[in-house]
2 protein chains.
Amino acid sequence: MPTLFHFPLNAASRLVRLALAEKGIEAELKVEKTWERRTEFLTINPAGEVPVLVEDGGAAIADAQVICEFLQETRADPDMLGPTAIDRAETRRLMVWFLQKFAREVTDNLVGEKLLKRYLRLGTPRTDAIRAGGQNIHYHLDYIAFLTDRRNWLAGDKLSFADLAAAAHLSCVDYLGDVPWEKHPGAKDWYARVKSRPSFRPLLQESLAGTPPPKHYADLDF
Amino acid sequence: MPTLFHFPLNAASRLVRLALAEKGIEAELKVEKTWERRTEFLTINPAGEVPVLVEDGGAAIADAQVICEFLQETRADPDMLGPTAIDRAETRRLMVWFLQKFAREVTDNLVGEKLLKRYLRLGTPRTDAIRAGGQNIHYHLDYIAFLTDRRNWLAGDKLSFADLAAAAHLSCVDYLGDVPWEKHPGAKDWYARVKSRPSFRPLLQESLAGTPPPKHYADLDF
């Protein structure tokens, strides 16, 4: 069984957990506290970041987007990238959008400041960053509604890694109760569909000691 | 002929120019000043960033890593990703390393502060950022030497997108004369090999008005 080094409210780790579950791959989960910079972990990923997937043979695959590509190449069914090169480019563009742009503009500002900073005792959360994150999220929720108004899922007809990447990030922000769902019914409809998938269940059952999620977090009919 | 929207000292754009040249694909280059947020450009890439490759049929592919995957899928020869899934994961991991980690820790701090900020009249360069960039680059040059001490190229036996991503970023920093080559002979040897490829020539001939590169920049025997 492969091993996944991850951290509970790390959105990139959540994407890989969803991808593994959608592909029906069981993996042993190991929590990695990356800030401890464990030598053994740095040997398998010199970048020192989660997620890292370690295959049975010992090969280590680092980075969420790279792991998704690897899973698609080694376990083709179901296809989570798309049938044509253009389709796959669209899925990858949206993965980059959420894993990098949404991360920088929203998740880092909200989850990073409000939750991780406290957890790691890194000082007082920056109110300007939190304000920016709260403003930026509207634009991204509008974009999700724009896309799903034209397509069944974010990148096309079928569920893809793009939906999982977006939902992984939103689930972390939703854990704080910071997603203004009521103002964005289109994005909410899409998220309800992703959230109700069996792959999502383990994420909704997770709880950080001392910081429980709001009631609606695990509610499929939120 | 495809069109590439790019910007001269944008490292991600340079990666795609190198990738196109290594694959023998001619493309029409169009400079895009992303900060002007041209409506027509935002329509083809809502993220508003370069590079964007527009195919003859009109399909637009955004983001350097996504464009490289697309080029490999649509023009298989020469292979720039690697023969096995594990090889490809290693190439992609190093692409992410340079396109995201090196970008954040080095290029943004040096090229972003010293060159783009002045060009865009965004205020005084932050000396703490410049100092951080100058310190961080040593670690990355050591990592390049570590890898090429064990392999012919960064990700394995053959030249790959990983080499092009690393060299694209380093070429932008080198334009400022900010790469301490003399302290890193291993990285210098590797860079000399990439730099002497015909694909690199157009980048070395480029010059920004008012900010010429140092003498060694275009010198293959630097």
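Here, each number is a calculation from the coordinates, and none is a lab measurement. These numbers were taken from a predicted model, which means no experiment stands behind them. FYI the Cβ positions are ideal-geometry reconstructions off the backbone, even for glycines, and counts take in every protein chain you see.
Stretching the chain fully between B:R38 and B:D77 yields a gain of 10.6 nm (0.36 nm per residue, less the alpha carbon separation).
For chain B, the C-alpha radius of gyration divided by 2.2 N^0.38 Å, with N the number of residues, is 0.98. Full extension of the chain between B:F222 and B:R197 yields a length gain of 7.5 nm, computed as 0.36 nm times the residue separation minus the alpha carbon distance.
Greater than 26 Å separation of Cα atoms is the criterion. Which listed pairs, A:K33/A:K188; A:K215/B:K101; B:K114/B:K215; A:K33/B:K188; A:K158/B:K101; A:K30/A:K183, meet it? Let's see the in-between values first.
On the way: A:K33/A:K188 32 Å; A:K215/B:K101 37 Å; B:K114/B:K215 18 Å; A:K33/B:K188 35 Å; A:K158/B:K101 32 Å; A:K30/A:K183 37 Å.
With Cα atoms farther than 26 Å apart: A:K33/A:K188; A:K215/B:K101; A:K33/B:K188; A:K158/B:K101; A:K30/A:K183.
Compactness of segment B:91-141 was expressed as the Cα radius of gyration divided by 2.2 N^0.38 Å, which yields 1.21.
Taking the number of other C-beta atoms within 10 Å as the exposure measure, put A:T148, A:T107, A:T43, B:T211 in order starting with the fewest. If you can, show how the numbers build up before the last one.
Working: A:T148 18, A:T107 26, A:T43 9, B:T211 13.
In increasing order of surrounding Cβ atoms, one gets A:T43, B:T211, A:T148, A:T107.
Sequence-ordered 3J(HN,Hα) estimates for segment B:180-189 from the Karplus curve with 6.51, -1.76 and 1.60 and θ = phi - 60° stand at x, 4, 4, 7, 9, x, x, 5, 5, 4 Hz, glycine and proline given as x. Please label the shape of segment B:23-129 as rounded, prolate or oblate, based on the square roots a ≥ b ≥ c of the eigenvalues of the alpha-carbon gyration tensor (a/c under 1.5 means rounded; beyond that, a/b larger than b/c means prolate, else oblate). Oblate, because a/c is 1.5 or more while a/b does not exceed b/c.
Ascending distances from the A:W35 label point to its copies in the other chains, with the point 7 Å along the Cα-to-beta-carbon line: 3.5 nm. Ranked from largest, the principal axis spans of the Cα set of the protein assembly as shown equal 65, 49, 45 Å.
Across identical copies of the chain, A:F222 has label-point separations of 5.0 nm, listed in ascending order, with the point defined 7 angstrom from Cα along Cα→Cβ. Near B:K195: Cβ cut-off under 15 Å, other residues only, Lys/Arg at +1 and Asp/Glu at -1. The net charge is 0.
Any chance you could check the Cα centroid distance between segment B:75-89 and segment A:103-155 for me, in angstrom? Cα centroid to Cα centroid, the span is 34 Å.
Cut-off is 10 Å between beta-carbons; in what order do B:Y143, B:Y175 appear when sorted fewest neighbours first?
Values: B:Y143 20, B:Y175 25.
Lowest count first: B:Y143, B:Y175.
The residue list B:P180, B:A165, B:L115 was ranked by how far each Cα lies along the charge dipole of segment B:85-218 toward its positive end, using unit charges on Cβ atoms, and B:L115 comes out on top.
Label-point spacing at B:D77 relative to the other copies reads 3.3 nm, in ascending order, each point sitting 7 Å out from Cα along Cα→Cβ. Quick check: net charge around B:D77, other residues with Cβ under 15 Å of its Cβ, Lys/Arg +1 and Asp/Glu -1? Overall, the nearby charge balance is 0. Ordering B:S207, A:S199, B:S13 from the fewest to the most neighbouring beta carbons within 10 Å gives B:S207, A:S199, B:S13.
The dipole here belongs to the protein assembly as shown: it is taken about the Cα centre, uses +1 on the Cβ of Lys and Arg and -1 on the Cβ of Asp and Glu, and is about 1200 debye.
Here the 3J(HN,Hα) profile of segment B:125-137, calculated from phi with Karplus coefficients 6.51, -1.76 and 1.60 at θ = phi - 60°, is x, 7, 5, 5, 5, 4, 5, 4, x, x, 7, 4, 4 Hz, Gly and Pro shown as x. For segment A:3-74, the C-alpha radius of gyration sits at 1.00 times the compact-globule guess of 2.2 N^0.38 Å, with N the residue count. Springs join every pair of Cα atoms under 10 Å in this Gaussian network model of chain A, and among A:A12, A:A85, A:A155 the largest mean-square fluctuation is at A:A85.
Helix-only mean residue ellipticity at 222 nm, chain B, DSSP H runs n ≥ 4 weighted -39,500 (n - 2.57), per residue, nearest 500. What is it? Write out the running numbers ahead of the final one.
On the way: 8 runs with 96 residues, N = 222.
Taking each H run of at least 4 residues, the total per residue is -13500 deg cm²/dmol.
Summing +1 for each Lys or Arg and -1 for each Asp or Glu among the other residues whose beta-carbon sits under 13 angstrom from that of A:K117 gives +2. Working note: Karplus 6.51/-1.76/1.60 with θ = phi - 60° gives segment A:95-104 the couplings 4, 4, 3, 7, 6, 10, 6, 4, 4, 5 Hz, where Gly and Pro are set to x.
Placing a label point 7 Å from the Cα of A:L122 along the Cα-to-Cβ line, the residues of segment A:88-114 whose backbone N sits under 20 Å from it are A:98-114.
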